[in-house]
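Asker: Mind looking over this structure? Questions follow.
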Amino acid sequence: MDPNNNKPQKKLFFVSLAFSLILSTFLIFLSVFISSNPSSHFNPASQRVVDRETPRFVESKLSVSPTSTDPVPRIAYLISGSMGDGDSLKRTLKALYHPRNQYVVHLDLEASEEERLELDNFVRDEPMFARFSNVRMIVKANLVTYRGPTMVTNTLHAAAILLREGGDWDWFINLSASDYPLLTQDDLLHSLSTIPRHLNFIEHTSDIGWKEHQRARPIIIDPGLYSVHKSDVFWVTQKRSVPTAYKLFTGSAWMMLSHPFVEYCLWGWDNLPRIVLMYYANFLSSPEGYFHTVICNAEEFRNTTVNHDLHFISWDNPPKQHPHFLTVDDYQRMVNSHAPFARKIARNEPVLDKIDSELLGRKVDGYVPGGWLTQTNSNISKPEYAVRNTTDLRPGPGAERLKQLINGLLSAKDFKAKQCK
């Protein structure tokens, strides 16, 4: 082969190599020029703007959720009971029912398996509940110890279910099988439609008085935290000091909490709800202090409280551990209180029938009539209903009573003074 024939190929190779080097050098200079240009993607001034607008910590990126703008509010209810409360739960649930609301019912582990199964069948088979799919039962029941922190954890459990599955509701109300409404849901929804939805109705005070030495300093253990058999709380010998990282509050265990505050208790983005929950795990009657302490130590919520539990409860003076059971003799005082709920009412107490007939217009084993519902027959054993527009409210005297109560609370001269003081 003639060696001179390789010269054109070598020349072509060197020309290609030279062109590649020139192109690479040009690209390197171009990239250096762009990176040093003030108008390029890396701009210190623009970086400072980003630093100001983007929070550094995850806690500051989380904020209180906006409240609903729906003209008619929605309520999320927890109705809880124990052994023998199954029938009372059914009655209270029907007296409280409205298609716009959401409901969770709970029978704790002290109730028999048969009683809980009967309640579960009732929830699943009731045609009205099936139609609107807004009633749920906590099938995996919790063991709830009276006066113990398991009452708090059960409330948080129900609230979590309602947040995940209950859609857009505005307030959360916790009730027991011994609670009963003193007005219709049309009355309640109509009255609440005119007030700010960030408000939390929770009776509270920082004046814990004798509770410091009898509840805050002693340490109790709730067997419901680790046992499947119900028993009372017990005390350990050690005492503890009162917290200094936050201030203790106490009050009623029954409340109406806003959606944003319930969400905060479960998300707890600044850790306060979890810290306080750990403390109240060893606190006697923790349902009377946990939510009160959280709300009054959280900057976002301490000015959202209304100091009332929306209940009529008859106490001794001074109060004992348990309130009186209400009877027909207390009926007029219940009505005059303007409260939407009353407790404690025993199973099958005659005053329940009086409330049904005179305040709720409810037939035996029926629903409470309202703008959304009318009974189409007079058969007491098998009533039939016609369902209309669920946003059609027909408030009655109960709405006027509740409006007087709420307006009085919100317009009181000492309203702000009673907020977390």
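Asker: Among Met137, Met128, rank each residue by its count of other Cβ atoms within 10 Å, from fewest to most, as a rough exposure measure.
Answerer: Met128, Met137
Asker: Here's a follow-up. Taking the beta-carbon count within 10 Å as an exposure proxy, list Ile295, Ile138 from fewest neighbours to most.
Answerer: Exposure proxy ranking, most exposed first: Ile138, Ile295.
Readers should treat all values here as calculations from the given coordinates under stated rules, not as data from a laboratory. Here the structure is a predicted model, which means the values were calculated and not measured. Because the Cβ atoms are built from the backbone with ideal geometry, glycine has one as well, and the counts that use them run over all protein chains shown.
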